[in-house]
Amino acid sequence: MDADRWQRLSPLLDALLELDEAARAASLASLRDDDPQLADDLEELLALEAGSDFLNEPLITPHPGVHAGASVGPYALERMLGEGGMGQVWLARRADGLYERRVALKLLRPGLADPGLRLRFTRERQILARLEHPHIARLLDAGISSDNQPYLALEYVEGEPITDWCRARDPGVVTRVQLFMQVCEAVSHAHTNLIVHRDLKPSNILVTPLDDVRLLDFGIAKLLDTPDHAPEQTRTGLRAFTLHYAAPEQIRGEPVTTMTDVYSLGVVLYEMLAGRKPYQLKRHSDAQWEDAILNADPQRPSLALQRDADGNTASQPVRRRAREVAGDLDNIVLKALSKKPEQRYPSVEAMALDLQRWLDGKPVHARPQSMSYRIGKYVSRHRWALSTAAVVSLVLVAALGIVAWQARQAVSESARAQAMQNFVVGLFETAGGVPAGAPVDIHRLLDDGERRIERELSSQPVARAELLGVVARLRSGLGDYPAAHELLRRQARLVDALPDAPPSLRLQSATDLGRVLRLTGDTDACLARMQPLLALARRSEHRLPLPASAFYTQFGRCQASARNLEDARALYLRSLSLRRNVLDDAAGVAENLGDLANLHAAAGDTRQALASSRAALGLLRTTLGERHPLAIELLRASCSYERDASNTVAAERDCRQAVQLALDLRGARHHATIDARRQLAALYVDQGRLAEAEAEFSDTLAWLVSRLGQEHVDVARARASLAIVAWERGNIDAALGELARSVQAWRRHGNELPLASGLFNTALVLHSAGRDADALPLLLESLALRRKAYGDEHGLVGDTLRLLGEVQAGLGRDGEALSSLQQAQALTRAGYGAQHSHTRRAEISLARLEARGGDAVALSRLDALAELPQHEPELRKAGWLARAYAADVRCGAAAQRPLALASLQALQTQIAQARPEGGALSREVDRLHAACLGSRGGAPGR
């Protein structure tokens, strides 16, 4: 159906749909006398309407080249987000390699003959280029593709329409109004730039997961400073606006102004408050909607809510909302919905001001013309005398109030500054009493400082709270977490009791306490403390970007510890935006990039984690030099990711750099140095340097226990590391004892991922000791936990299945073992890549099982795997294992036993030279050699 035909039929079809059958037949008969073809077309459409939903089908077919996977300019299309009269909007990603970003790609619909459509598309690009506001989706790019397809690349906003957000969460009236105020800010910014949106509706106003509003779709916006004489389209033409939210002047085809947007905002606010549109129609046709918008008076939102409550059994919350909306909010909404533009608010700012006055408990300007209005008339008749007296009085009162307030503020700030100065001077005076040459006891110094704070600042609660935070941060920096925790809890109680505590102090207090709670393993308490202050951080972020960004970062780390990865990502990105765009804080930007790298690692994407960590480290070194303290943590993170990727050489390089930098900047007993040494010790275990590893782990454990106590999750991790060293040395009982304590601590704290690793390692030790029946239930629990955290397709799940298959084979369940090992090989290859040591171990275990069953091809695979590269320690160990298993299989044949024994003896010599301290692999080869020597024609060993 072409557009001209539809334009002619649409209004007549609307009118006929309003009539009953008899009246409709009479009207069709009358039309047939004048224009038989027209009547036939209408009759056909009515029949289609009765039998199908043809009105929902698109008027014009889409461009055949526009589909998922297609390219438009430098963008690859993923899926359609929406479609309208002007074109389509697709989710797309940048595909030319310049940068990685997902965008909302708006495409001009091809095929329409309207010559103004391309002009409107161009105008939208001009409009968006003029707008730069945090609540307006930004224009990122624009152009025309090689196949002459115009496009706009807009910021992709993940969110839901503002009315859907209200329905899903059912927030209070105050929260709804505060959210709507963000919309007013965005529209006001557009009006300031002489732009009228003209199509404000919920689907163009999205709320993000962080409860931020984004205004979209300026496709039919109007530039007030550009001549535009084109008439508005009514129902007799192709309507550009959305009817349900259109102002009366748009229906009449009259010129639009900023007050047109005020009316649409009134409809949106009505729907947010009342949960329905202002007009309730018997039949929702265009004709009835136009008539209601032009002539009907909307019902008060509070009355609409009350009627909903009357028909609802669970009505108490609705009645409560109706009482809150009744009165001032009713008047504000109805003033915005006035039929005549001059009777509405003169601007969006005026409407927002009235809403702010309502929020502040002040009288609003949209009051009815009652007694107060008549009093106002009287004042107007005597305005000169009254206004002069009022102005003079107000000026005097305001001046006196401002002077008094400023004086109090000055005295308060001076007292706080003096308290800080006295505290620092007092600390140095105390340190000055130490005999010359004697070491200063920092902990005693801080104890004296705490006593002075309580003694000298009892009448200055704000200054006392700030200094408690300073001492707590010093305690935390020394690793004295219990003392820091107690100080910060005292500070939090003090801040919570202060009605006028500065927002910066509230945010700093929550950030410091959240950090210590997270470091001491109490993630739930961290979330409970920081969540209520998220709204304050949002309100204050532009005025207080430094404490707000620190708050977002710490809150994000608590969310990451709780495995709420998407919530953590949103908080990191919010902090990153402040630090990059407002503070110009290179160190803060690098810190947040490192946090985002940790999220990639937590999601199993080690390659992306390593790339992000390297980028953060490069930025830090370029802007702030090689020796910034943050580089210690970034180097440790890179070391961890390189180790996970089986790149031991690069991992050791990064870990050594981290240890050296920590020693230079922090000293030998600082927690940053201890953490770096612990990570380097894990590499020592991989390399067979067990004595060095044991010394480092023992030192780490002592340091952690002295500061965190015996039951902390980090202490459990240190014990687990010592257990692996004990296992490598052959001390099975000691290894199982340390692992049991670690598993118990992780169970008690609910740390599922460390628990899964602890169970896996316990099963590994039991399997090496031949106790497969004891290992099996632990492995199954570990597998369930890892599937819960990572899903069924993760490489770590594959490595767990590999050990499960070995245990099942040890129990004689070869069928189950074969299935587990086949899955393990597929998952590790997909998750880690073909050359990763985990993948090679899965291939070796599967080939061994098949070769022991007489599969000659599998034995050949073991021989091939025995030739793995020798430069990478983990791959070298995998190659040795493949060689040992191949010899073990050949020991089952008398003719091949001499060759197998010679291979095992040569392997024992090679391992002894490379790993003189022995280890679990060396013991396994010795066991296979002994079994081969003692065999009498049967397959030796397990």
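The values are calculated or read from the model by the stated rules, or taken from the named source; none is laboratory data. Values in this document were obtained by computation on a predicted structure and should not be read as measured data. Here Cβ is always computed from backbone atoms with ideal geometry, including for glycine, and neighbour counts include all displayed protein chains.
Before moving on, here are some points about what is shown:
- Considering (1) under 18 Å from R138 (Cα atoms); (2) outside any strand (DSSP E or B); (3) in contact with a helix residue (DSSP H, G or I) (Cβ under 7 Å, 6 or more places away or on another chain); (4) of a type outside the set (V, I, T), the lone condition that R176 does not fulfil carries the number (1).
- Within region 631-651, being of a type in the set (A, V, I, L, M, F, W, C) and within 23 Å of the chain's Cα centre (by Cα) holds for L634, A637.
- Odd one out for L868, checked against (1) loosely packed, with under 15 Cβ neighbours inside 10 Å; (2) not in a helix (DSSP H, G or I): (1)
- Residue match in region 541-559 (condition: within 25 Å of R747 (Cα to Cα), at pLDDT below 90, assigned to a helix (DSSP H, G or I) and in contact with a helix residue (DSSP H, G or I) (Cβ under 9 Å, 6 or more places away or on another chain)): no
- Meeting the requirement of 2 or more residues that are over 23 Å from V715 (Cβ atoms), charged (D, E, K, R) and in contact (Cβ under 8 Å) with a residue 12 or more places away in the chain, the helices (runs of 4 or more DSSP H) wholly within region 439-500 are 442-456, 461-477.
One line per residue, one yes/no per condition, for (1) surrounded by fewer than 17 Cβ atoms within 10 Å (Cβ to Cβ); (2) over 31 Å from the mean Cα position of the chain (by Cα); (3) modelled with pLDDT under 85:
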{"position": "R451", "(1), (2), (3)": "yes, yes, yes"}
{"position": "E454", "(1), (2), (3)": "yes, yes, yes"}
{"position": "S459", "(1), (2), (3)": "yes, yes, yes"}
{"position": "A465", "(1), (2), (3)": "no, yes, no"}
{"position": "G469", "(1), (2), (3)": "no, no, no"}
{"position": "G477", "(1), (2), (3)": "yes, no, yes"}
{"position": "Y481", "(1), (2), (3)": "no, no, yes"}
{"position": "H485", "(1), (2), (3)": "no, no, no"}
{"position": "L488", "(1), (2), (3)": "no, no, no"}
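- The one condition in (1) within 28 Å of R569 (Cβ to Cβ); (2) surrounded by 21 or more Cβ atoms within 10 Å (Cβ to Cβ); (3) modelled with pLDDT of 90 or more that L128 fails to fulfil: (3)
- Residue in region 630-640 that is closer than 30 Å to I724 by Cα, of a type in the set (K, R) and either modelled with pLDDT under 90 or surrounded by fewer than 17 Cβ atoms within 10 Å (Cβ to Cβ) (or both) present: no
- Out of Q679, Q687, sole residue that is at pLDDT below 90 and under 22 Å from I632 (Cα atoms): Q679
- Looking only at region 784-795, and only at residues there that are surrounded by fewer than 22 Cβ atoms within 10 Å (Cβ to Cβ) and of a type outside the set (D, E, K, R), the one that is modelled with the highest pLDDT: A784
- Filter result for L899 (touching a residue at least 60 places away in the same chain (Cβ under 8 Å) and either touching a helix residue (DSSP H, G or I) at 6+ places or on another chain (Cβ under 8 Å) or at negative phi (or both)): no
- Helices (runs of 4 or more DSSP H) within region 247-359 that include 1 or more residues surrounded by fewer than 15 Cβ atoms within 10 Å (Cβ to Cβ): 286-295, 301-310, 316-325, 348-359
- Any hit, region 838-856, residues being closer than 24 Å to L783 by Cα, surrounded by fewer than 22 Cβ atoms within 10 Å (Cβ to Cβ) and not aliphatic (A, V, I, L, M): yes
- Members of region 187-205 that are of a type outside the set (D, E, K, R) and touching a helix residue (DSSP H, G or I) at 6+ places or on another chain (Cβ under 7 Å): V187, S188, H191, I195, V196, H197, L200, P202, I205
- Residue list for region 569-606, filter: on the phi < 0 side of the Ramachandran plot, free of Cβ contacts under 8 Å to residues at least 12 places away in the same chain and of a type in the set (D, E): D605
- Filtered by the rule that a residue be buried (at least 23 other Cβ atoms within 10 Å of the Cβ) and within 17 Å of A817 (Cα to Cα), region 762-777 gives A763, A775.
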